[in-house]
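Visitor: My questions all concern the structure below.
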Amino acid sequence: MLPLTRDQLGLNQHVLSILSKSNHLNHLKQLQSFLITLGHGQTQFFAFKLVRFCTLALSNLRYARFLFDHLSSPNVYLYTAMITAYASDSDHESSFLLYRDMVRERRVVPNQFVYPYVLKSCPEVVKSLGTELVHTQIVKSGFEKYPVVQTALLDSYARFCSDLGTAHRVFDDMSGRNVVSWTAMVSGYARLGEMGRAMVMFEEMPEKERDVPSWNAVIAGCTQNGLFSEAMSLFRRMATVGVEGEGCGNRPNHVTVVCGLSACGNTGMLQHGRCIHGYIYRNRLDCDLFLLNSLVDMYGKCGCLKEARRVFDQTSKRSVTTWNSMINCFALHGQSGEAIRVFEEMIKCVIDVKPDRVTFVGLLNACTHGGLVEQGRYYYDLMTRDYAIEPQIEHYGCLIDLLGRAGRFEEAMEVVRRMRMLPDVVVWGSLLNGCKIHGRIDLAEFAVRKLIEIDPNNGSYGVMLANVYVESGKWDEVRKLRKTLKAQNAHKTPGCSWIEVDNQVHQFYSADTTHPRTEEIYTVLDCLVGFS
């Protein structure tokens, strides 16, 4: 911007003083009128002040755009202010279209500050090609070596285009990498499930560069990709470094704690979950609703239902997620009556919270575990009739599982025929499980054929059918089926279990011999078998 004259400097102080006391659009309009009468209606500097106040203080993008459109030749700072405001308000179309007009009309040249917001908006409008288009314009305008632009570019390639190759090339070309660029790469690999690369990137990041978001990126990535033991190991490292190391300000925050609780819940690490609960209170983290929901979920998955209920009862303002967590806790552990009681309490006592599709998944699961066929059908009808919730594949799976376990196969097949989407492996697997319980070989064969069509290399389905033949005494069919499975080299997904000993989690797969104490474990097992 051009330097202000002495008179303009005095006017600037006066304008800033008025804006600091303003809180309404009418105040802004009065100031605008005052500037027009002084001949500053088209002065870029004061127009910028008005537009920024309108977007930041008043959140009125409509009037800010009115001010912008009535300027004869807005400069790059005004364009940047408007594009930034639209992008921050998630109005990505307006943000990108304004940038497009800026480039097409060639009134002004974009600067390095506008590109990060354009890169945030363009993939939402032009999809995957948007980042490449803007990248080309960045190179043409000579801003490709600016760190803020490079970081925005690699984040856009990693986040929106899933193009980690190009993102990494941008990263390699950076002369000055900062924590944001490192974290963007870690997050990009984690988002695509490449946790090996994500963890290598994290370990290569200079320790003094690491901050809370970078730790959270790798811990959340481990949790989301099922690497729960690794997530807890990183959580403990972060907590230790946050107290003793160079990064003593990097203590686990709400996001870290939620990821840790998720890892504990999914592996049954109750003791670690209790330690995190203690960490929350020792460090006086605000127990917001998100954190409380995670605590309920963790205790429930670890089988500590009394503690889950205690946390639930202490939650004064409950969201639908809170109720769902409590219902799912009881349903998961076969306490159908308790799950139903929580649901009934929810619909009777809560006015501003309504059951959603997740609520009914938990409720139908509770009915399945309790063998409550009529109640399950009632709640399914309640969901569609009273709450107008369209059944999803998981609701159909629960209902078919409920009917199959009860041996009501005609009703189960009628549900399959009336489904509004193609049945998936959960639906056919639930039906197959019911057939196994009740010895319905004909229907079991039909279900297996459907499962094999969906996933021809999964040998688990053939094994289940073989078990049905065994229970029916059809040994010839068993031999034929096993021979076919062997010829097709079909694999069975091995079962997995965890056990926590002395604060260390040990993971085992079926027929696994990779544990360092395998020989000792099998010796003890042989002794136990001998006593049986």
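Visitor: Among the residues of the stretch 178-218, how many are touching a Leu at 6+ places or on another chain (Cβ under 8 Å) and either touching a residue at least 40 places away in the same chain (Cβ under 8 Å) or of a type in the set (Gly, Ala, Ser) (or both)?
Guide: Residues that pass the stated criteria total 4.
Visitor: Of everything in the stretch 447-478, what is without any contact (Cβ under 8 Å) to a residue 12 or more places away in the chain and surrounded by fewer than 16 Cβ atoms within 10 Å (Cβ to Cβ)? Give them in sequence order.
Guide: Here is the first cut: in the stretch 447-478, the residues without any contact (Cβ under 8 Å) to a residue 12 or more places away in the chain are 449, 452-453, 470, 473, 475-477.
Those that are without any contact (Cβ under 8 Å) to a residue 12 or more places away in the chain and surrounded by fewer than 16 Cβ atoms within 10 Å (Cβ to Cβ): Arg449, Glu453, Val470, Gly473, Trp475, Asp476.
Visitor: Still on this structure, please answer the following. Being crowded, with 16+ Cβ neighbours inside 10 Å, outside any helix (DSSP H, G or I) and under 28 Å from the mean Cα position of the chain (by Cα) is true for just one of Arg197, Arg177. Which residue is that?
Guide: Numbers: Arg197 fails: outside any helix (DSSP H, G or I).
Answer to the selection: Arg177.
Visitor: Kindly indicate the residue of the stretch 278-301 that is over 18 Å from the mean Cα position of the chain (by Cα), in a helix (DSSP H, G or I) and of a type outside the set (Phe, Trp, Tyr) and also nearest to Ser319 (Cα to Cα) among those meeting that condition.
Guide: Val296
Visitor: Could you check the stretch 109-149 and list, in sequence order, the residues that are in contact with an Asp or Glu (Cβ under 7 Å, 6 or more places away or on another chain) and open to solvent by less than 30 Å² (accessible area, probe 1.4 Å)? Can you show your working first?
Guide: Our first condition is that a residue be in contact with an Asp or Glu (Cβ under 7 Å, 6 or more places away or on another chain); within the stretch 109-149, this holds for 125, 138.
Selection gives Ile138 alone.
Visitor: Given the criteria open to solvent by 40 Å² or more (accessible area, probe 1.4 Å), free of Cβ contacts under 8 Å to residues at least 12 places away in the same chain and out of contact with any Cys (no Cβ under 9 Å at 6 or more places or on another chain), does Arg106 qualify? Give the derivation first.
Guide: Numbers: open to solvent by 40 Å² or more (accessible area, probe 1.4 Å): yes; free of Cβ contacts under 8 Å to residues at least 12 places away in the same chain: yes; out of contact with any Cys (no Cβ under 9 Å at 6 or more places or on another chain): yes.
Yes, satisfied.
Visitor: Take the residues in the stretch 481-496 that are exposed (fewer than 15 other Cβ atoms within 10 Å of the Cβ) and in contact with a helix residue (DSSP H, G or I) (Cβ under 9 Å, 6 or more places away or on another chain), then tell me which one is modelled with the highest pLDDT.
Guide: Going residue by residue through the stretch 481-496, those that are exposed (fewer than 15 other Cβ atoms within 10 Å of the Cβ) are 483-484, 486-489, 491-496.
From the residues that got through so far, the ones that are in contact with a helix residue (DSSP H, G or I) (Cβ under 9 Å, 6 or more places away or on another chain) too are 484, 488, 491-493.
Numbers: Thr484: 76, Gln488: 67, His491: 58, Lys492: 58, Thr493: 59.
By that ranking, first place goes to Thr484.
Visitor: Report yes if Arg169 is loosely packed, with under 15 Cβ neighbours inside 10 Å, of a type in the set (D, E, K, R) and either at pLDDT 90 or above or not in a helix (DSSP H, G or I) (or both), otherwise no.
Guide: On the way: loosely packed, with under 15 Cβ neighbours inside 10 Å: yes; of a type in the set (D, E, K, R): yes; either at pLDDT 90 or above or not in a helix (DSSP H, G or I) (or both): yes.
So Arg169 fits the description; yes.
Visitor: Another one. Among the residues of the stretch 62-69, are any part of a loop (DSSP other than H, G, I, E, B) and open to solvent by 30 Å² or more (accessible area, probe 1.4 Å)?
Guide: Narrowing the stretch 62-69 to residues part of a loop (DSSP other than H, G, I, E, B): none.
No, the stretch 62-69 contains no residue that is part of a loop (DSSP other than H, G, I, E, B) and open to solvent by 30 Å² or more (accessible area, probe 1.4 Å).
Visitor: Output the number of residues of the stretch 180-194 satisfying the condition of being under 25 Å from Thr136 (Cβ atoms), among the aliphatic types (A, V, I, L, M) and open to solvent by less than 40 Å² (accessible area, probe 1.4 Å).
Guide: Count: 2.
Visitor: Where the second residue is open to solvent by 50 Å² or more (accessible area, probe 1.4 Å) and among the basic types (Lys, Arg) and the first is more than 17 Å from Ala87 (Cβ to Cβ) and modelled with pLDDT of 90 or more and lies in the stretch 42-67, which pairs have Cβ atoms under 9 Å and are six or more apart or on separate chains?
Guide: So the pair list comes out as Tyr63/Lys29.
Visitor: Could I ask something else about it? Restricting attention to the stretch 70-80, and to residues there that are hydroxyl-bearing (Ser, Thr, Tyr) and without any contact (Cβ under 8 Å) to a residue 40 or more places away in the chain, which single residue is most open to solvent (accessible area, probe 1.4 Å)? Talk me through it step by step, then tell me what you get.
Guide: If we filter the stretch 70-80 for residues that are hydroxyl-bearing (Ser, Thr, Tyr), which is where we start, we get 72-73, 77, 79-80.
Now drop any that are not without any contact (Cβ under 8 Å) to a residue 40 or more places away in the chain, which leaves 72-73, 79-80.
On the way: Ser72: 86, Ser73: 65, Tyr79: 7, Thr80: 19 Å².
Looking at the filtered set, the residue picked out is Ser72.
Visitor: Working only within the stretch 122-136, note down all residues that are modelled with pLDDT under 90 and either more than 23 Å from Ser175 (Cα to Cα) or over 28 Å from the mean Cα position of the chain (by Cα) (or both).
Guide: Cys122, Pro123, Glu124, Val125, Val126, Lys127, Ser128, Leu129, Gly130, Leu133
The values are calculated or read from the model by the stated rules, or taken from the named source; none is laboratory data. Because the structure is predicted, anything quoted here is derived from the model rather than measured. For neighbour counting, all protein chains shown are included, and Cβ atoms are generated from backbone atoms with ideal geometry for every residue, glycine included. Just the protein is used for accessible areas: all its heavy atoms, side chains included, with ligands, DNA and RNA removed. Shrake-Rupley method; radii C 1.70, N 1.55, O 1.52, S 1.80 Å.
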